[in-house]
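S.K.: Quick one: structure below, then a few questions.
The values are calculated or read from the model by the stated rules, or taken from the named source; none is laboratory data. Predicted model, so just to flag it, every value in this text is computed and none were measured. Because the Cβ atoms are built from the backbone with ideal geometry, glycine has one as well, and the counts that use them run over all protein chains shown. For accessibility, only protein heavy atoms count, side chains too; no ligands or nucleic acids. Shrake-Rupley method; radii C 1.70, N 1.55, O 1.52, S 1.80 Å.
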2 protein chains.
Amino acid sequence: MAKTDWKAKAKALKKKLKKLGALVEEKPVAPVAAAAKPAKLVSKLAPKGGFPALPVIAGVEFSAVEAGVRYANRTDVMLVKLAPGTAIAGAFTRSSTRAACVLDCQCKLAAKVPAGAGAAIVVNSGNSNAFTGQGGVDAVNAVTGAVAEALGLPAARVFSSSTGVIGEPLPYERITAKIPDLVAGLRDDAISMAALAMMTTDTFPKGAMATVQGDGGEIRIAGIAKGSGMIAPDMATMLVYIFTDAKIAPAMLQKMLSRHVDTTFNAITVDSDTSTSDALILAATGQSAAGPVKGPVAKAFEAALHGVMLDLAQQVIRDGEGATKFVEVRVTGAASASDARKVALSIANSPLVKTALAGQDPNWGRIVAAVGKSGAEADRDRLTIRFGEILVAENGFRNPDYSEDDAAAYMRQDELLIGVDLGLGQASRSVWTCDLTHRYIDINADYRS
Amino acid sequence: MAKTDWKAKAKALKKKLKKLGALVEEKPVAPVAAAAKPAKLVSKLAPKGGFPALPVIAGVEFSAVEAGVRYANRTDVMLVKLAPGTAIAGAFTRSSTRAACVLDCQCKLAAKVPAGAGAAIVVNSGNSNAFTGQGGVDAVNAVTGAVAEALGLPAARVFSSSTGVIGEPLPYERITAKIPDLVAGLRDDAISMAALAMMTTDTFPKGAMATVQGDGGEIRIAGIAKGSGMIAPDMATMLVYIFTDAKIAPAMLQKMLSRHVDTTFNAITVDSDTSTSDALILAATGQSAAGPVKGPVAKAFEAALHGVMLDLAQQVIRDGEGATKFVEVRVTGAASASDARKVALSIANSPLVKTALAGQDPNWGRIVAAVGKSGAEADRDRLTIRFGEILVAENGFRNPDYSEDDAAAYMRQDELLIGVDLGLGQASRSVWTCDLTHRYIDINADYRS
């Protein structure tokens with residue numbers, strides 16, 4: 001073997017060192033940015049087995065194209081065509097600065113245009129068309145109008161979403177130019193293509209499914225979602241589309257959807273930041289062989305729908321920007337449901353709790369502080385805190401048998417449960433969150449460049 | 001010169017590289033912890049010139065000792081002795097899980113014990129004595145009782161604060177054992193020693209002063225503060241002690257203090273996390289040669305007091321954990337004062353805004369999103385956003401003359417102003433914050449070990 005060239009080795013190491021050192025020492029952005037763009041690795045919290053095999057939903061077709069809205073060498077626009085008779089329900093962000101496409105969807109759903117003609121959903125990534133003034137409204141009209149024309153639908157039945165950078169005019173001609181290709185590419189088995197096309201900082205596409213035994217046939221549900229950062233939904237989450245072949249009236253569909261938004265998409269937070277673009281659309285084509293959804297089937301269908309919604313919501317957390325821990329915060333014993341939610345979100349959004357999780361440090365004092373600042377009714381001396389099965393503290397004092405070593409070992413797991421009992425009442429609430437790591441800062445200190 | 005020993009050099013570099021690499025690559029906690037403890041560098045945002053020369057306040061004496069509460073080789077307990085006749089006012093955290101010493105201070109202030117006997121303040125760092133049950137109460141009684149005995153004061157006039165880790169029993173005997181030393185060391189010119197002894201993750205001690213021309217003499221104000229993380233005060237901030245020789249009644253002193261808490265200590269946030277231990281005490285010895293504070297002197301005194309409070313509050317932000325930017329968020333045109341505050345805090349607490357600041361990225365879309373999620377009345381199409389003097393957007397649309405290059409150059413400064421006009425009313429509010437950097441995570445992923 002040749003004698004090691006120590007001089008060259010030292011030089012290479014020195015160079016690497018300089019690069020890393022700059023990152024650690026918080027030098028101005030340029031070196032941080034350079035280091036912040038490693039190959040996009042799939043989150044280690046991603047569901048095992050990758051994107052699930054989702055069933056074909058009769059009456060739903062998908063396609064995706066590369067339109068170059070912002071990204072190169074990847075699909076960035078997807079189209080969903082929904083058969084005549086499809087019932088549609090939706091839930092959207094309550095942000096007061098919501099995007100033009102969100103307002104357009106809300107307006108179209110409120111108009112209750114008869115389902116006879118069918119419907120479509122068109123989604124682009126790379127640009128959220130938010131805070132783009134009248135130009136943003138024009139862009140929505142141009143895109144949905146072009147889709148309506150190409151598919152022979154009323155524009156009032158074409159829903160659109162945009163996700164990506166805020167405040168940049170949407171180059172919508174790049175989308176309208178691709179509509180013939182989108183229409184030509186429609187296939188009933190291409191839902192995964194649609195899921196991929198709407199990703200931004202996501203590291204994996206998100207899908208979930210369920211089947212329910214209906215009267216005289218099977219009912220299928222398949223959903224897709226995108227979301228990774230700016231996740232603290234307030235009514236819905238980033239972008240979620242759920243399809244079913246159930247025969248169900250729009251009003252019943254909307255009721256079911258609204259009932260479960262609070263315990264699924266509104267119960268997750270990556271960073272406490274609420275998007276301007278959150279949209280959730282649920283479409284039921286009615287093409288299942290099963291009869292109309294009612295009675296016990298309605299119950300089973302609603303439970304299955306809840307399961308799909310929760311699965312997708314949790315996948316968003318599993319892909320939280322920089323996440324290395326998937327964490328459930330379960331609050332019990334609250335005086336009211338609103339208090340349970342306040343405490344759970346206060347803990348889940350606390351930067352100090354989230355950095356302790358990143359450090360695998362069972363720093364439960366920060367949980368006490370987060371309960372204290374939540375604004376909910378709380379009595380320090382009735383608080384119980386658990387990490388998984390480990391009783392950390394009760395009655396305002398550390399459990400005498402608490403072992404920091406046991407807790408530290410527990411914190412090294414990827415999936416964690418923080419249990420807080422307020423000891424005041426019967427209300428409870430779970431929310432799901434992730435930790436706050438260096439990667440989150442890498443991703444967000446230089447998202448646009 | 002001897003030939004360079006490249007082999008040894010490479011080995012040393014490799015070792016350093018490994019250490020830095022672990023920090024960057026989000027390895028499990030142990031290596032992060034090791035790398036997270038560099039020499040404590042003073043924040044680059046610290047006031048130029050170091051700790052200010054604070055005037056002696058007649059009737060106030062200070063001392064500090066090494067009691068080894070948690071830290072070694074540094075002072076960690078400080079004592080302030082206040083002359084007979086001193087009026088005392090205070091403001092404290094509204095956290096529902098506040099520490100025993102905070103409750104004790106509130107109780108003692110509410111009791112309005114006559115000022116005749118004098119008073120004292122005793123503060124330790126390293127342990128916050130929060131969430132420590134009856135043991136915590138006993139610790140407060142032991143420490144304040146021992147100080148009272150040593151100084152010949154009623155215990156009801158001895159106020160205490162504790163700052164540091166939450167949930168660990170306070171080893172108060174280490175403090176009571178040092179009280180003779182503390183009393184023996186009292187000096188009227190040792191205020192900086194007191195400021196140093198209460199530091200935790202602070203990188204510099206904080207002090208501020210003012211003088212006012214009173215009737216027949218000068219009135220002096222000198223204050224000290226500690227605070228760096230868990231900063232989103234809700235009534236006061238971390239620990240702040242302000243002393244004056246003004247002749248002023250306790251009720252007037254309290255009124256002035258309360259009037260200015262909202263625009264100073266309640267207007268800062270490092271990480272949106274509210275402490276269990278926030279305490280602000282203002283003591284007026286009445287030993288100035290000037291006559292009682294009233295009329296125009298009262299106005300001047302109040303203005304000077306506000307200045308000292310704001311200065312100390314801003315110094316806490318300048319020492320925000322990991323901070324590289326000192327940022328004012330100035331909201332104008334709000335429909336109400338409460339809305340202005342909501343919007344300002346929503347922007348100042350947004351992890352996405354704060355990481356963009358760390359990345360020196362003029363990502364104003366995230367400001368739009370933060371306005372939208374604030375819950376305040378806002379009309380997207382009336383929003384105006386500025387970085388310093390740079391008009392970024394107005395009327396819900398990007399300014400056509402906006403130059404991203406100009407904005408990026410602006411963001412490279414250490415001190416930034418984010419201006420948001422809601423275009424709805426006359427209310428305004430400024431809050432001060434810092435960016436969210438890798439150092440914040442380094443510090444907080446392993447604060448306790």
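S.K.: Summing -39500 (n - 2.57) over the DSSP H runs of n ≥ 4 in chain B and dividing by its residue number, what mean residue ellipticity at 222 nm do you reach, to the nearest 500 deg cm²/dmol?
M.R.: Details: 14 runs with 155 residues, N = 449.
Calculated mean residue ellipticity at 222 nm is -10500 deg cm²/dmol.
S.K.: Right, here's the next one. What residues of the range B:340-354 lose no less than 50 Å² of accessible area with every protein chain in place versus their chain by itself (probe 1.4 Å, heavy atoms only)?
M.R.: Listed by number, the residues meeting the 50 Å² cut-off are B:351, B:352.
S.K.: Under a point spin-label approximation (7 Å from Cα along Cα-to-Cβ), what is the residue A:405-residue A:382 distance to one decimal in nm?
M.R.: Going from the residue A:405 label point to the residue A:382 one covers 3.6 nm.
S.K.: To the nearest 0.05, how large is the calculated FRET efficiency for residue B:74 and residue B:48 if R₀ is 22 Å and r is the Cβ-Cβ distance? Don't skip to the end; give the middle numbers.
M.R.: Numbers: r = 24 Å, r/R0 = 1.11.
Taking R0 as 22 Å, the efficiency between residue B:74 and residue B:48 is 0.35.
S.K.: Something else about it: What is the mean number of Cβ atoms from other protein chains located within 10 Å of the Cβ atom of each residue in peptide B:373-385, rounded to a whole number? All intermediate terms of the calculation are to be shown ahead of the outcome.
M.R.: Values: counts 13, 4, 5, 1, 1, 3, 2, 13, 4, 0, 3, 0, 2.
Per residue, the number of nearby Cβ atoms from other chains is 4 on average.
S.K.: Tell me the distances, shortest first, between residue B:379 and the same position across the other copies, using label points 7 Å along Cα→Cβ, in nm to one decimal.
M.R.: Between copies, matching label points for residue B:379 lie 4.8 nm apart.
S.K.: The range A:122-165 to the range A:198-233: how many Å between their Cα centroids?
M.R.: 22 Å
S.K.: Would you be so kind as to identify all helices of chain B, as entire DSSP H runs, whose Cα atoms reach 27 Å or more along the helix's own axis and whose mean Kyte-Doolittle hydropathy is at least -1.0? Don't skip to the answer; put the middle values down first.
M.R.: Numbers: long enough: B:133-151 (28 Å, 0.70); B:295-318 (35 Å, 0.59).
Qualifying helices, which must be both long enough and hydrophobic enough, are B:133-151, B:295-318.
S.K.: Moving on to the next point. In nm, what does the list of distances from residue B:114 to its counterparts in the other copies look like, shortest first, when each label sits 7 Å along Cα to Cβ?
M.R.: Distances between equivalent label points, in nm: 8.9.
S.K.: Out of residues 5 or more away from residue A:66 or on other chains, whose amide H comes under 5 Å of its own, with H placed 1.01 Å from N in the peptide plane?
M.R.: Excluding prolines and chain starts, which carry no amide H, the hits are A:76.
S.K.: Would you mind working out the accessible area per residue for the protein assembly as shown, using a 1.4 Å probe, and quoting it in Å²?
M.R.: Values: 32610 Å² over 898 residues.
Averaged over the residues of the protein assembly as shown, the accessible area is 36 Å².
S.K.: Another question, then. Enumerate the calculated ³J(HN,Hα) couplings along the range B:47-64 in order (Karplus 6.51 cos²θ - 1.76 cosθ + 1.60, θ = phi - 60°), each rounded to whole Hz, writing x wherever the residue is Gly or Pro.
M.R.: Values per residue, Gly and Pro as x: x, 5, x, x, 4, x, 6, 8, x, 5, 9, 4, x, 10, 10, 10, 7, 8 Hz.
S.K.: Calculated FRET efficiency, residue A:173 and residue A:94, Cβ-Cβ r, R0 22 Å, to nearest 0.05? Let's see the in-between values first.
M.R.: On the way: r = 31 Å, r/R0 = 1.42.
Once the sixth-power term is evaluated, E becomes 0.10.
S.K.: On to the next question. What are the ³J(HN,Hα) values, in whole Hz, obtained from phi via the Karplus relation 6.51 cos²θ - 1.76 cosθ + 1.60 with θ = phi - 60°, for each residue of the range A:215-224 in sequence order, with x given for Gly and Pro?
M.R.: The phi angles translate into 7, x, x, 8, 10, 10, 10, 9, x, 9 Hz.
S.K.: Now, a different point. Which trypsin sites (Lys or Arg not before Pro) in the range B:365-449 pass both tests, a DSSP loop state and at most 10 other beta-carbon atoms within 10 Å? Kindly include the intermediate steps, with their values, before the conclusion.
M.R.: On the way: sites: B:366, B:373, B:380, B:382, B:386, B:398, B:412, B:429, B:439, B:448; in loops: B:412, B:448.
Hits after loop and neighbour filter: nothing returned.
S.K.: What are the residues of the range B:92-125 that lose 40 Å² or more of accessible area, with a 1.4 Å probe, going from their chain alone to all protein chains?
M.R.: Output list: B:96, B:97.
S.K.: Under a GNM of chain B (C-alpha, springs under 10 Å), which listed residue has the highest mean-square fluctuation: B:57, B:390, B:175?
M.R.: B:390
S.K.: Only Cα pairs under 8 Å and at least 6 apart count here; give the relative contact order of the range B:249-393 as a rounded whole percent. Walk me through the numbers on the way to the answer.
M.R.: On the way: 90 pairs, mean separation 28.5, N = 145.
Once divided by the residue count of the range B:249-393, the mean separation gives 20 percent.
S.K.: Considering chain B as a Gaussian network with a 10 Å cut-off on Cα pairs, which listed residue, B:212, B:102, B:42, attains the greatest mean-square fluctuation?
M.R.: Residue with maximal mean-square fluctuation among B:212, B:102, B:42: B:42.
S.K.: Estimate for me the total accessible surface buried between chains B and A (protein heavy atoms, probe 1.4 Å, no ligands or nucleic acids), in Å² to the nearest 100.
M.R.: Separately minus together, B and A give about 7100 Å² buried.
S.K.: Let me ask you something else. Evaluate the relative contact order of chain A (contact order divided by residue number), counting alpha-carbon pairs under 8 angstrom at least 6 apart; express in whole percent.
M.R.: Working: 1061 pairs, mean separation 76.8, N = 449.
Relative CO of chain A lands at 17 percent.
S.K.: Please go through the range A:46-154 and write out the trypsin sites (Lys or Arg not before Pro) that DSSP classes as loop and that have at most 11 other C-beta atoms within 10 Å.
M.R.: Working: sites: A:48, A:70, A:74, A:81, A:94, A:98, A:108, A:112; in loops: A:48, A:70, A:74, A:94, A:98, A:112.
Counting only loop positions with at most 11 other Cβ atoms within 10 Å, the trypsin sites (Lys or Arg not before Pro) in the range A:46-154 are A:48, A:112.
S.K.: Additional query: Between residue A:391 and residue A:149, how many nm apart are label points set 7 Å from Cα along the C-beta direction?
M.R.: The answer from the label model is 7.1 nm.
S.K.: Could you compute the net charge surrounding residue A:313? Neighbours are other residues with a C-beta less than 13 Å from the C-beta of residue A:313; K and R count +1, D and E count -1. Walk me through the numbers on the way to the answer.
M.R.: Working: positive: A:206, A:226, A:318; negative: A:262, A:278, A:311, A:319, A:328.
Net of charged neighbours comes to -2.
S.K.: Got a number for carbon plus sulfur as a percent of the protein assembly as shown's accessible area, 1.4 Å probe?
M.R.: Working: 17710 of 32610 Å².
Carbon and sulfur atoms account for 54 percent of the accessible area of the protein assembly as shown.
S.K.: For the range B:286-325 and the range A:286-321, what is the separation of their C-alpha centers, rounded to whole Å?
M.R.: Their Cα centres are 58 Å away from one another.
S.K.: For residue B:171, go 7 angstrom from Cα along the Cα-to-Cβ vector, then report the distances to that same point in the other copies in nm, smallest first.
M.R.: List, nearest first: 6.5 nm.
S.K.: Label residue B:187 and residue A:218 with points 7 Å out from Cα along Cα→Cβ: what is the distance between them in nm?
M.R.: With each label placed 7 Å out from Cα toward Cβ, I get 8.4 nm.
S.K.: Measure up A:342/B:206; A:206/A:255; A:48/A:342; B:44/B:226; A:354/B:354 against 27 Å on the Cα-Cα distance and list the ones that go over.
M.R.: Numbers: A:342/B:206 34 Å; A:206/A:255 24 Å; A:48/A:342 32 Å; B:44/B:226 17 Å; A:354/B:354 16 Å.
The pairs that break the limit, which is 27 Å between Cα atoms, are A:342/B:206; A:48/A:342.
S.K.: Separate question: Not counting the cut sites, what is the longest span of chain B without GluC sites (Glu not before Pro) that DSSP labels loop and that have at most 16 other Cβ atoms within 10 Å?
M.R.: Numbers: sites that count: B:25, B:66, B:377, B:389.
Free of exposed loop sites, the longest segment is B:67-376.
S.K.: Then there's this: Can you tell which of B:130, B:300, B:323 shows the greatest fluctuation in a Gaussian network model of chain B with Cα springs below 10 Å?
M.R.: Among B:130, B:300, B:323, the largest GNM mean-square fluctuation belongs to B:300.
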